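Trainee: Okay, handing you the structure first.
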Amino acid sequence: MTKYRALSMCLLLLVFMVTGCSSGSSSNSKVKTLTLWYWNRSLDDNLINEVQKQFPGIRINAQKIGGDFKSKLKTTLAAGGGGPDIVAFNDWVTELFPSADRFYNLYDLGAKDIEKDYLDWKWQLGVTPKGEMIAMPIDTGPTALFYRADLFKQAGLPTDPEEVHRMMGTWEDYFAAGEKLQKALGGKVKLLDNIGQVYNQINSQSDKVYFDKNENFIGEDPSSSMKKAWDLAVKASQMNLLANAGTFSTEWNAAMNNGKIASFVGAVWSKQILMDAAPDTTGKWRVARAPGGDGNNGGSFLAIMKTSKYPKESFEVMKWLLNPDNQETSFKTLNLFPSATKALDSDAMKNKEEFFGGQATGEIFTESARNVKPSYFGTKYSNLNGIVNRELSSVALEGKNPDKAWKDALARVKKELLR
Amino acid sequence: MSQPLQQRTQFDPGSSLQVPERKRGLATEIWKHRKQYLAISPFYILFAVFGLFPILFSMYLSFQKWDGIGVMTFNGVNNYQFMVTDPEFWKAVGNTLLIWIYSTIPMLFFALIIAFLLNASFVRFRTFFRIGYFLPNVTSLVAVAIVFSTVFSNNYGLLNYILSQFGADPVEWLNKTWGIQLAVSIMVIWRWVGYNAIIYLAGLQSIPTVLYEAAKIDGATGIQSFFRITIPNLRPIILFTVITSTIGGMQIFTEPQVLVGNDGGVSGGGLTIVLYLYREAFVNNYFGYGSAVGWGMFILIALISLINWRVVQGGGAKDE
């Protein structure tokens, strides 16, 4: 008999091992536990801890999900149940639009009342073409031109951010100035980092890139920025303005620190990366409005899963976490650039920064954030963008004929659209 | 082939009569030995859950269209059709084969030489060298890839520093197709040469010394006995290493992924089949298609293993 018991114990253990031993957290009937999935630095941990004080009766089970967050979220969605109540999204939010029914429509929970407090273009990124709002804005990534004032000065270019913007208002003017800069500095310094970055930044300044709201491909339409961005990116490569250093690679870091790259267009969050990568250039950088207009890169969202038992409570917690005051706090602690308009007006934006020679870059990014055009990405945005970027890097690095590369890219894009 | 068949018929004359009884016997036999079966069941249960089910499910999935979240829809053979008409897939196949050739041939060659040296009587501290050569095999792949990425870094890498010391121009290794493939191949060689050397060493030690002694008496030179005794006797071991490195080589993923990213770097020079599979399934969310690529890869590996077997084994039959 004891033998059988031991055997069945072994089997039972095995079954637990196989099923992953889901711990049934017995919840107190009065305390409502909300599970939150986010990644490091996407929300302020102190604010999350404060939720419990703010909402008595609610306990937050905040889980930092490391590694490939998107894959883990998708695996959970595919499995059906057992996911979190509140979940963070990055700018891949559009990929989840076809699965909008897996999330609560935040408009049903009262999101309309606070819509006016947020930047419209950012808010719209979380709304499906059918008008269901599945995700609420956390932060934004307005773009601007980062440049080395000392190198610009050596080349006889303006150094004051306003003058720089006046002289380099368009990409063409910016390239022309770059040519002058490279000649003046004896060819040791390049104007820009890489071809993909030029292409992506031009598209981020546009309101029409690959898809309209009905998911039709509009890349060949004259209103789309796709071909324009392609041509300008190719032009930058042909004018030899690119250092061909992959964005934020070790190569990029070294080039920035050694002063091999004089400028780049990037989002507000690249500030931190630049400061970490190029400590030797402290005080030499400035930020101006980007050539070609203002754009946005990235920025995250919060959503409520349909499996949640407490959508109302989750929404209240989200609303509080993302209110203008708390966005200001998160900006101060984590440099999360606000999506709430009131937070953009805060004094924190006027802080002078040593790395940027005492410039208050917040003022530039605030202006940029206010002027981003609302755009619809489409569910296959990143697939298409990957295809075009691959062809562009062939042009810049392996000398592929640009016309052939464009044809190849379009052919592959059309194939992709049929899948 | 004919020998065992004859034996079986001799032992089993009245097979048609015995079959039904035997079947009944099998069930009772299993029941009688249920404790033993229970004892070995953990492996089979785990295998069914983590091995068999994924294999069958991926077969099913390869005929579906699925983004990983939404509903699956039947897709017929479209996934397979897309695969054979996608130039990027064939590019991935080409890259994988190239990297496999660049890495396997020098790797097995060096491994054989190292094994021969480790087996030679004039080498001292043999255990130290054995461990030394094997050590790269137990290192973390990701860490190795990161180290190699700094070695091959375009402007500030170790290799370019050495080149610049000799007055040569730096080479943008990771901005060139061949550079990426070279870096990946060297990584594979570095990691696996010791492993294969140890296997060859075991093979060498199993060759009876009398053969060498007899050859010596007959006046054979060292080179002659290497090619006439060592290589033929090592043939099954060589076949084993060729097949394992084929399977490994066809599945190269971590090295290019860490070195040049999900797109396989410039012009997709490091885009291997598994990296392509990963990108299509987990980055572009075509899970059905990813499964189809997995099966495509299965067929490819089976084919190449067959060719290897023919080449290595077939050559042997002619010699003997």
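Trainee: DSSP loop trypsin sites (Lys or Arg not before Pro) in the stretch B:25-71 with at most 12 other Cβ atoms within 10 Å of their Cβ, which ones?
Mentor: The qualifying sites: there are none.
Trainee: Dividing the Cα radius of gyration by the Kirkwood radius, what Rg/Rh value follows for chain B?
Mentor: Rg/Rh for chain B comes to 1.07.
Trainee: Given contacts defined as C-alpha pairs under 8 Å and at least six residues apart, what's the relative contact order of chain B, whole-number percent?
Mentor: Value for chain B: 25 percent.
Trainee: Considering only Cα-Cα distances, which of the following residue pairs are longer than 29 Å: A:183/A:228; A:122/A:415; A:74/A:319?
Mentor: A:122/A:415
Trainee: In whole angstrom, and with the biggest value first, how far do the Cα coordinates of the stretch B:92-244 range along each principal axis?
Mentor: Taking max minus min along each principal axis of the Cα atoms, the stretch B:92-244 gives 58, 36, 29 Å.
Trainee: What do you get for Rg/Rh over the stretch A:51-112 if you use C-alpha atoms and the Kirkwood form of Rh?
Mentor: Using only Cα positions, Rg/Rh for the stretch A:51-112 is 0.99.
Trainee: Between the stretch B:159-192 and the stretch A:287-358, how many Å separate their Cα centres?
Mentor: For the stretch B:159-192 versus the stretch A:287-358, the Cα centre distance is 43 Å.
Trainee: While we're looking at this one, here's another question. Give me the distance in nm between label points sitting 7 Å out from Cα along the Cα-to-Cβ direction at residue A:282 and residue A:347, one decimal.
Mentor: Roughly 2.5 nm, to one decimal.
Trainee: Another one. Just to compare against my own numbers: the Cα pair-distance distribution for the stretch B:168-257, 5 Å bins, whole % per bin, please.
Mentor: 3, 11, 16, 15, 12, 11, 9, 8, 7, 4, 2, 0
Trainee: Only helical DSSP H runs with n ≥ 4 go in: add -39500 (n - 2.57) per run for chain B, normalise by residue count and round the 222 nm mean residue ellipticity to 500 deg cm²/dmol. List each step's numbers first, then the result.
Mentor: Details: 16 runs with 228 residues, N = 320.
Rounded to the nearest 500, it is -23000 deg cm²/dmol.
Trainee: Then there is this: Using only the Cα atoms, what convex hull volume per residue in Å³ does the stretch B:26-164 have? Intermediate values should be presented prior to the final figure.
Mentor: Numbers: hull volume 43.2 nm³, N = 139.
Residue-normalised Cα hull volume stands at 311 Å³.
Trainee: Assuming R0 = 30 Å, can you tell me the calculated FRET efficiency for the pair residue B:206 and residue B:125, based on Cβ-Cβ distance, to the nearest 0.05? Provide the component values of the computation, followed by the final result.
Mentor: Numbers: r = 23 Å, r/R0 = 0.76.
Once rounded, the FRET efficiency stands at 0.85.
Trainee: Another question, if that's okay. For the stretch B:201-304, I need the span (max minus min coordinate) of the C-alpha atoms along each principal axis, in Å, sorted largest to smallest.
Mentor: Principal-axis extents of the Cα atoms in the stretch B:201-304, largest first: 67, 26, 19 Å.
Trainee: Now for a different question. Rounded to the nearest Å, what's the spacing between the alpha carbon centres of the stretch A:115-130 and the stretch A:84-109? Just the number, please.
Mentor: Value for the Cα centre distance between the two parts: 13 Å.
Trainee: State to the nearest 20 debye the size of the charge dipole of the stretch A:169-298 about its Cα centre, where the only charges are +1 on K and R beta carbons and -1 on D and E beta carbons.
Mentor: So the dipole magnitude of the stretch A:169-298 works out to roughly 520 debye.
Trainee: Lys/Arg Cβ at +1, Asp/Glu Cβ at -1, dipole of the protein assembly as shown taken about the Cα centre: which of A:218, B:66, A:396 is farthest positive-ward?
Mentor: B:66
Trainee: Now for a separate question. Excluding ligands, DNA and RNA, what is the accessible area buried between chains B and A, summed over both sides, using a 1.4 Å probe, to the nearest 100 Å²?
Mentor: In total, chains B and A hide about 3100 Å² from solvent.
Trainee: Can you give the convex hull volume per residue for the Cα atoms of the stretch A:338-417, as a whole number of Å³?
Mentor: Once divided by residue count, the hull of the stretch A:338-417 is 146 Å³.
Trainee: If the elastic network links every pair of Cα atoms under 10 Å, which of A:30, A:112, A:122 fluctuates the most in the Gaussian network model of chain A?
Mentor: A:30
Trainee: State the three equivalent ellipsoid semi-axes of the stretch A:194-318, derived from the C-alpha gyration tensor as the square roots of 5 times its eigenvalues, in descending order and whole Å.
Mentor: Semi-axes, largest first: 32, 25, 12 Å.
Trainee: I've got another one for you. Considering every pair of different Cα atoms, what Kirkwood radius, in Å, is found for the stretch A:274-419?
Mentor: When all Cα pairs of the stretch A:274-419 are included, the Kirkwood radius is 19.3 Å.
Trainee: A drop of at least 10 square angstrom in accessible area, chain alone versus all protein chains together, probe 1.4 Å. Which residues of the stretch B:153-201 meet that?
Mentor: B:153, B:154, B:155, B:156, B:172, B:175, B:176, B:177
Trainee: Additional query: Compare the Cα positions of B:90, B:187, B:261 along the charge dipole of the stretch B:80-319 (+1 at Cβ of Lys, Arg; -1 at Cβ of Asp, Glu; about the Cα centre) and return the one farthest towards the positive end.
Mentor: In the stretch B:80-319, that residue is B:187.
Trainee: Can you list the residues of the stretch B:69-109 that have at least 50 square angstrom less accessible area with all protein chains present than in their chain by itself, probe 1.4 Å?
Mentor: When all protein chains are present, B:69, B:82 each give up 50 Å² or more of accessible surface.
Trainee: Grab the eigenvalues of the alpha-carbon gyration tensor for the protein assembly as shown, scale each by 5, take roots, and send me the semi-axes largest first in whole angstrom. List each step's numbers first, then the result.
Mentor: Numbers: eigenvalues 567, 296, 120 Å².
Working from the Cα gyration tensor, I get semi-axes of 53, 38, 25 Å.
Trainee: Something else now. Just to confirm the filter: which GluC sites (Glu not before Pro) across the stretch A:346-419 are DSSP coil and have at most 11 other Cβ within 10 angstrom of their Cβ?
Mentor: On the way: sites: A:353, A:354, A:363, A:367, A:391, A:398, A:416; in loops: A:354.
The qualifying sites are A:354.
Trainee: Please list, ordered by chain and number, the residues whose modelled amide H lies under 5 Å from the amide H of residue A:290; skip anything fewer than 5 residues away on the same chain.
Mentor: A:145
Trainee: Just to check I understand the Karplus step: with θ = phi - 60° and J = 6.51 cos²θ - 1.76 cosθ + 1.60, what whole-Hz values come out for the stretch B:199-209, glycine and proline as x?
Mentor: Those phi angles translate into 5, 4, 4, 4, x, 4, 5, 8, 6, x, 5 Hz.
Trainee: Using only the Cα atoms of chain A, what semi-axes does the equivalent ellipsoid have when each is the square root of 5 times a gyration tensor eigenvalue? Give whole Å, largest first.
Mentor: The answer is 42, 26, 22 Å, longest axis first.
Trainee: Okay, moving on. Taking loop as defined by DSSP and a crowding limit of 13 other beta carbons within 10 Å, which trypsin sites (Lys or Arg not before Pro) in the stretch A:329-417 fit?
Mentor: Filter output for the stretch A:329-417: A:352.
The values are calculated or read from the model by the stated rules, or taken from the named source; none is laboratory data. This structure is a prediction, so every number in the text was calculated from the model and none was measured. All Cβ positions, glycine included, derive from the backbone under ideal geometry; neighbour counts span all protein chains shown. Surface areas here come from the heavy atoms of the whole protein model, side chains and all, with no ligands, DNA or RNA. Shrake-Rupley method; radii C 1.70, N 1.55, O 1.52, S 1.80 Å.
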